[in-house]
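Computed from the coordinates by the stated procedures, all read-outs in this text should not be read as laboratory data. Predicted, not measured: the structure shown is a model, and the values here were computed from it. Here Cβ is always computed from backbone atoms with ideal geometry, including for glycine, and neighbour counts include all displayed protein chains.
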Amino acid sequence: MDFRFASPWALLALAAVPLIALWLSRRGGSGSVRFSSVGNARRAGGSLRRSLAPLPVLLRLAAVALLVVALARPQAGRERVREVTKGIAIQMVLDRSSSMSAEMEYRGMRLDRLAVVKKVFEEFVMGNGETLAGRPNDLVGMVAFARYADTMAPLTLGHGALLRFLEQVRIVTRRAEDGTAIGDAIALAAARLKTAEEDYERFAGEEDAGEYEITSKIIILLTDGQNNFGRWTPEEAARLAAGWGIKVYTIGVGDEEGVASVRTLLGTFKVPTGARVDTRPLRAAAETTGGIFRMAGSDEALREVYAEIDRLEKSEVESIRYVDYREMFVPFALCALLLVVLEVALSATVLRRIP
C-alpha cells in the first residue's frame, strides 16, 4: 500500500499551529476580580473542571492541524498489474468415426487413434513439460464429427472445463451416425470462429472481454479417413474459412496407405484397416487458407506437428502497471469537524468561563 499527499505544499501551514496556540493563550488580557483573601481557595486545591480548562484550546489546535492535513489531500493506493492478453482463437476438430478405433501407439501403450488424439490434444492445450508449453492465453473450442458435425465445447479460456467436454468425445457406435463429414466439420468450426469476439463478450462480460484481443483464428483438424458425407466438401469449406481470415491446419492420423501396426506375441505386423487418409483435399484445404498439412502415424509425430503449430501461432501477454489511488482527506476533515463541535459544546457547558 502506497501513501502520498497530492498537495504536500499545504503541510507548510502546520507551522502556524504553534503561533495560533501562542495567540490563544494571550487573548483576552488579564481580567481580575478583587477578593479580600484567596487563601481559602488555595487550600481547597484544584478540581477536574479546572484541570480540563485548557481542553477547548487543545481541541481547536488539533482541528486546525487535521484541516491542514486534509487540504494536503492524503491518498492511499496500491500498484496493480492488468494483463491485456493477445491470444488466438483455436477450434479443434476431431474425427470420431469408426475408423478411429484402429490402434496407435502412445508412450509405449496401444490405444485407439481417438484416445491418442485426445491425449496429445490435452498436452497441446495444457502443456506436457517437454516439447509443448501449452496454450494458456488462447481461446479453445471443440467440434467433433462423424457423419454429422457437432459443437462439443464453445471457445473458452477455461481449459479445465474444456477437458471435461473432451472426455465425452467417443467413437460412434451406431451405423446411422458413422461416416466422415470433413467439409461440414470445417464449415461449422469456421462459423464458430467468425463470431468468436461476440460470443466471448457474451460469456465473459464486456469489461473482461475488453482485456482480451483475438489476433488470429485457426482450425486444427485431425482425421484418418475420406470425406464421404455432408453438404460441404473440404475445398468448399476451406474457401469459406479463407474468406473469413481463418487458417486451417490439417493432420492425417495414421498411415497414408490405410494400414495399422498391430503388436502381437510374435512381433509387430501391419494390417490393412480399410480406411485410407485422403491427403489431397486435406492438403488443398490447408494451402487454400495458408495453413499446413501433415501426416502423423504416432503420438510422437502428433507432438511434432503441434510443436510446429506452436511455433507458427504465438500468443502474447502485455502487462500494464498502474497505481490506483484513493482520496483519504474526508476522514481528516470529519475528525476536524467533530473536534470543533466538541470544543464549542464544552466551552458552552461544563467548561464555560466567566467572564
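Going highest first, how would you order 97-109, 169-181, 6-18 by mean Cβ packing within 10 Å?
For the peptides 97-109, 169-181, 6-18, the packing ranking is 97-109, 169-181, 6-18.
Can you tell me the FRET efficiency between residue 11 and residue 345 if r is taken as the Cβ-Cβ distance and R0 is 25 Å, rounded to the nearest 0.05?
Computed FRET efficiency for residue 11 and residue 345 comes out at 0.30.
With Cβ to Cβ distances under 12 Å as the rule, what net charge do the other residues near residue 328 carry (K, R +1; D, E -1)?
+1
Could you sort 343-352, 55-64, 110-119 so that the peptide with the highest average Cβ count within 10 Å comes first and the rest follow in order?
110-119, 55-64, 343-352
Give me the distance in nm between label points sitting 7 Å out from Cα along the Cα-to-Cβ direction at residue 300 and residue 170, one decimal.
Reported label-point gap for residue 300 and residue 170 is 3.3 nm.
To the nearest 20 debye, what is the magnitude of the charge dipole of region 115-202 about its Cα centre, counting +1 on the Cβ of each Lys and Arg and -1 on the Cβ of each Asp and Glu?
That gives a dipole near 320 debye.
Sum up the charges of everything whose Cβ sits under 15 Å from the Cβ of residue 231, counting Lys and Arg as +1 and Asp and Glu as -1, but leave residue 231 out.
-2
Could you pull out the pairs from 118/194; 119/194; 194/247; 119/217; 217/314; 86/217 whose alpha carbons sit more than 19 Å apart here?
118/194; 119/194; 119/217
Tell me, in nm to one decimal, what length is gained between residue 53 and residue 105 on full extension, where the rule is 0.36 nm per residue of separation less the Cα-Cα distance?
Difference between extended and current length: 9.3 nm.
How many angstrom lie between the Cα centre of region 125-140 and the Cα centre of region 51-76?
60
At q = 0.10, 0.17, 0.19 Å⁻¹, what log₁₀ I(q)/I(0) does region 68-195 have when each alpha carbon counts as one equal point scatterer in the Debye sum?
-0.42, -0.95, -1.12
Can you classify region 95-151 as rounded, prolate or oblate using the Cα gyration tensor, where a ≥ b ≥ c are the square roots of its eigenvalues, rounded means a/c under 1.5, and otherwise it's prolate if a/b beats b/c and oblate if not?
Oblate shape, in that a/c is at least 1.5 and b/c is the bigger or equal ratio.
Which three lengths, in whole Å and largest first, does region 123-254 cover when its Cα atoms are put on their principal axes?
Over region 123-254, Cα extents along the principal axes are 45, 35, 27 Å.
Using 1/(1 + (r/R0)^6) with R0 = 25 angstrom and r between the beta carbons of residue 131 and residue 244, what's the FRET efficiency to the nearest 0.05?
0.25
If we sort 153-165, 187-199 on the protection proxy, mean other Cβ atoms within 10 Å, highest first, what's the order?
Per-residue mean Cβ counts within 10 Å order the peptides as 187-199, 153-165.
Short version: ³J(HN,Hα) in whole Hz for each residue of region 71-77, in order, from phi by Karplus 6.51 cos²θ - 1.76 cosθ + 1.60 (θ = phi - 60°), x for Gly and Pro, what are they?
5, 6, 6, x, 9, 10, x
Quick one: net charge of residue 134's neighbours, Cβ under 12 Å, K/R +1, D/E -1?
Overall, the nearby charge balance is -4.
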